[in-house]
């Protein structure tokens with residue numbers, strides 16, 4: 001993914017017109033922005049995190065850290081060097097520094113996580129006291145966090161009064177004209193938040209407090225959007241949260257099996273509604289976009305949010321089924337094929353909906369979200385959940 005994003009769109013290859021390593025000069029590039037710098041850092045954080053975790057299994061922390069930092073810097077250097085052969089990409093030493101900083105930050109995060117998430121660390125103690133044992137609870141918490149991050153992208157805080165007023169405008173306009181209230185959006189929020197509430201209930205030990213805690217958390221995330229650059233809080237979001245609270249009060253009384261199946265229905269209903277709603281425009285898509293992540297690469301910071309939005313619903317769907325049938329290879333493969341076809345058909349249907357964009361990216365993200373929990377569950381070092389724990 002890093003190579004794909006660095007070299008996109010892979011067109012216009014030519015020999016460098018300047019000195020091959022001239023871009024290494026320590027000077028500010030002609031075109032640079034804070035968002036570009038932030039993207040360069042964020043993109044390499046997971047790389048550094050995973051590299052250190054992988055290298056740590058084969059040696060000590062210090063050698064693993066040095067190896068991860070070197071590998072991230074080497075990859076960034078290779079991408080910048082290759083960009084000198086692309087006319088629409090600009091190689092710079094600043095990109096190399098920010099990429100390396102992102103790798104080092106990810107490695108440091110992995111070191112902190114390793115110590116804190118152990119049984120004697122603060123996160124480890126919190127996990128043992130608050131979460132159910134086993135990888136399913138960990139996947140559940142990650143799903144909830146992915147939803148929260150998708151709501152807070154592009155992750156740029158803003159305390160500007162003008163920006164805050166703009167973020168509150170949807171509430172003001174809808175309060176004065178109820179015809180502006182978009183029922184499909186509210187229904188999607190209701191379905192998604194209800195499904196996430198069931199995920200939280202299946203992940204936390206104190207199940208009686210799980211739903212109130214989640215609803216407070218979800219409300220805080222939605223309200224925090226007014227302090228994020230370019231985000232707005234809508235009446236549909238708050239209405240969906242209120243409807244989800246009522247629905248969860250009913251669903252919490254059902255058996256674990258029925259809650260799992262209810263979660264599957266909620267995710268599918270929310271996603272289908274989101275995919276088939278009107279786009280608010282009059283122009284139909286000119287064609288199906290077969291280039292993966294083209295829209296995300298154009299608006300990179302917002303692209304992180306759309307990637308998470310495409311992944312977490314199907315990770316939740318996978319989690320619900322994992323808790324019932326386990327990590328069977330046949331289930332993962334069959335479900336992945338069905339997921340890919342289901343999302344592809346919905347995207348294809350958007351060709352007839354004005355204002356919507358049909359693309360292959362959403363199908364790929366859905367497949368990733370579906371498969372990721374299966375891989376984590378199968379290869380996790382945690383022992384599987386016992387039958388008694390599942391019944392709880």
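The three principal axes of the C-alpha atoms in the stretch 93-247 carry coordinate ranges of 54, 51, 22 Å, sorted with the longest axis first.
What shape does the stretch 225-284 take by its C-alpha gyration tensor, where a ≥ b ≥ c are the square roots of the eigenvalues and a/c under 1.5 counts as rounded, a/b above b/c as prolate, and the rest as oblate?
Cα axes put the stretch 225-284 in the oblate bin.
Using 1/(1 + (r/R0)^6) with R0 = 56 angstrom and r between the beta carbons of residue 11 and residue 272, what's the FRET efficiency to the nearest 0.05? Walk me through the intermediate numbers first.
Details: r = 36 Å, r/R0 = 0.64.
Once rounded, the FRET efficiency stands at 0.95.
Oblate is the label for the stretch 156-255. Its Cα gyration tensor axes, ordered a ≥ b ≥ c, give a/c of at least 1.5 and b/c at or above a/b.
Relative to the present Cα-Cα distance, how much length would full extension add between residue 265 and residue 74 at 0.36 nm per residue of separation?
Values: separation 191, 0.36 × 191 = 68.76 nm, distance 4.57 nm.
Extra length from residue 265 to residue 74 when fully extended: 64.2 nm.
Helical runs assigned H by DSSP (4 residues or longer) give the chain a calculated mean residue ellipticity at 222 nm of -23500 deg cm²/dmol, each run adding -39500 (n - 2.57) before division by the residue total.
Using a Förster radius of 30 Å, what is the FRET efficiency between residue 291 and residue 97 based on their Cβ-Cβ separation? Nearest 0.05, please. Don't skip to the answer; put the middle values down first.
On the way: r = 30 Å, r/R0 = 0.99.
Plugging the Cβ-Cβ distance into 1/(1 + (r/R0)^6) gives 0.50.
Distance from a point 7 Å along Cα→Cβ of residue 82 to each backbone N in the stretch 40-65: keep the residues under 16 Å and list them by number. Answer for the stretch 40-65: 44. Both numbers refer to the Cα atoms of the chain; Rg and Dmax are 22.5, 69 Å. When a/c reaches 1.5 or more, the comparison of a/b and b/c decides; with that in mind, is the stretch 187-245 rounded, prolate or oblate per its Cα gyration tensor? It comes out prolate by the Cα gyration axes. Distance between the modelled labels on residue 329 and residue 122, one decimal in nanometres: 4.3 nm (7 Å Cα→Cβ projection).
Each value in this text was obtained by applying a stated rule to the coordinates, not by laboratory testing. It should be emphasised that the depicted structure is a prediction, and the values quoted were computed from it without experimental measurement. Note that we place each Cβ from the backbone using ideal geometry, even for glycine, and neighbour counts take in every protein chain shown.
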